[in-house]
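Below: one structure, written as structure tokens.
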Number of protein chains: 2
Amino acid sequence: MIKGKDGTIIPRVVIERLPRYYRYFDWLENKMEKISSKKLGDLIGSSASQVRLDLSHFGDFGQQGYGYNIKKLKHELVKILHINIERKLIIVGTGNIGRALTRYNIFKDTSFTLKALFDINPALIGEKIKGVTIYDVKELGAFVKENRIDIAIIAVPKEAANDISGVLIQNGIKGILNFAPLDLNVQEGFPVENIHIIDKILALSFMIS
Amino acid sequence: MIKGKDGTIIPRVVIERLPRYYRYFDWLENKMEKISSKKLGDLIGSSASQVRLDLSHFGDFGQQGYGYNIKKLKHELVKILHINIERKLIIVGTGNIGRALTRYNIFKDTSFTLKALFDINPALIGEKIKGVTIYDVKELGAFVKENRIDIAIIAVPKEAANDISGVLIQNGIKGILNFAPLDLNVQEGFPVENIHIIDKILALSFMIS
DNA sequence: TAGATTGTTAATCGATTAACAATC
DNA sequence: TAGATTGTTAATCGATTAACAATC
């Protein structure tokens, strides 16, 4: 996974922080023109050094004695995150989580477009949620391949999750966001992000004694 | 945050891994009697050393030449995570995410009980979802205090999230699971876990080039 | 007993912070 | 120009892995 400005490898921790930078720059955009790594660090809860080192993986975006131009840096982050081009998504599983994500409009004003939903329940096939059609999960592989879907969100029961991820990967999906409470069996290095809600609640339960 | 078997501090990374151990032990429970740190590490995707060091923070649960007894270790994890006692939860915000979490039955067969929902929309007050009543958010503080709620899930728009967390903390909430796409303004060290769905999708977008 | 495997300490690796020359 | 602040290298800190005596 070689990605940096001079072909260096970007540490995972830095990748996980990128969306956070983006979030803050998006918010800052109409607030001020420039910001220093110190002020940004204070805002974001990290050190000035970390801000500078993180950003330096991708280019020289700042200017001595000035700081970072917010519009410019936001623009750079858009390119780094590849959200200057359309990203095609699907959601597999139209249970509570799948439906919530569809209705929630999480992709409003983004470059992500939700192309289809999939479910195993025949009664649901053909239904539309927010204008997005539910297809039979049997058509999943063909759909992903034909429409060159980039990212799939897995929101099926854990028993089905690995079968689904197999079909997705076989048909060229590029990344998976997994809501099923297990670790998917994918090849080392394949882009998967997990959202394990119950794990977060358990961690809280531990912490609050 | 002093927690270890001899009063040592548990590193954050270890805390984040605990639910994962629990998940695997729960699954292993009826599969075999014992497991070695090596086999568990293989299963879970980490090293035998890490498994042993992680667990050793909490006690001496293994036995030389034998490994770890699964039933025993699961029982220990239940105690460590404090899920041997009832944990009272509420959800603030009954939009798509709040409703999904309520309906999803994520707390089925756990020690977590969902005591109430809250919303600002007068039209929703009094409605029940899966038997749980929606209350006016004005009553949030009093309810949390009176019922000694442990954990609150924030699923409101980001503009409202900090006000809500303020009310919660003032009334003695012990931990917060935050779904709003921003960092809550809480005192350093206060237990907050964040689920930033869009951040995960952005990280994927970065990785898949 | 001999083999297996623990808990722990030491060595290594990686990430964060501090320092500073370069320069706007 | 002088002050501010960058990008980068070195120092520090913390987490992971390796090694091993203890022992079931």
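The values are calculated or read from the model by the stated rules, or taken from the named source; none is laboratory data. Because the structure is a prediction, the values reported are computed rather than measured. Here the Cβ is made from the backbone with ideal geometry for all residues, glycine too, and neighbour counts use every protein chain on show.
Numbers below:
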item: Selected residue (only one of B:Ser209, B:Ser205 is hydroxyl-bearing (Ser, Thr, Tyr) and not in a loop (DSSP other than H, G, I, E, B)); result: B:Ser205
item: Pair list, Cβ < 8 Å and 6+ apart or interchain, from region A:4-32 residues that are more than 13 Å from chain B (Cβ to nearest Cβ) to residues that are at pLDDT below 95; result: A:Thr8/A:Ile2
item: Some residue of region A:16-27 being crowded, with 20+ Cβ neighbours inside 10 Å, over 25 Å from B:Ile208 (Cβ atoms), at pLDDT 95 or above and not polar (S, T, N, Q); result: no
item: Some residue of region B:54-72 being more than 13 Å from DNA strand C (Cβ to nearest atom) and out of contact with any helix residue (DSSP H, G or I) (no Cβ under 8 Å at 6 or more places or on another chain); result: yes
item: Scope region B:179-209; condition in contact (Cβ under 8 Å) with a residue 12 or more places away in the chain, within 29 Å of A:Lys5 (Cα to Cα) and among the charged types (D, E, K, R); matching residues; result: B:Asp199
item: From the options B:Ile173, B:Ile195, B:Ile106, residue that is within 11 Å of chain A (Cβ to nearest Cβ) and at pLDDT below 95; result: B:Ile106
item: Which numbered condition B:Lys79 fails, given (1) away from DNA strand C (no atom under 13 Å from the Cβ); (2) over 19 Å from the mean Cα position of the chain (by Cα); result: (2)
item: Test: residue in region A:105-113 that is away from DNA strand D (no atom under 16 Å from the Cβ), of a type in the set (Asp, Glu) and surrounded by fewer than 18 Cβ atoms within 10 Å (Cβ to Cβ); result: yes
item: Single condition B:Lys72 does not satisfy, out of (1) within 14 Å of DNA strand D (Cβ to nearest atom); (2) within 14 Å of chain A (Cβ to nearest Cβ); (3) closer than 30 Å to B:Thr113 by Cβ; result: (2)
item: Residue check, A:Pro181 surrounded by fewer than 19 Cβ atoms within 10 Å (Cβ to Cβ) and at the interface with another protein chain (Cβ under 9 Å from one of its Cβ atoms); result: yes
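This table checks each residue for (1) in contact with a Gly (Cβ under 6 Å, 6 or more places away or on another chain); (2) surrounded by 15 or more Cβ atoms within 10 Å (Cβ to Cβ).
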{"position": "A:His57", "(1), (2)": "yes, yes"}
{"position": "A:Asp60", "(1), (2)": "no, no"}
{"position": "A:Gly65", "(1), (2)": "no, no"}
{"position": "A:Lys79", "(1), (2)": "no, no"}
{"position": "A:His82", "(1), (2)": "no, yes"}
{"position": "A:Lys88", "(1), (2)": "no, yes"}
{"position": "A:Val92", "(1), (2)": "no, yes"}
{"position": "A:Gly95", "(1), (2)": "no, yes"}
{"position": "A:Ala100", "(1), (2)": "no, yes"}
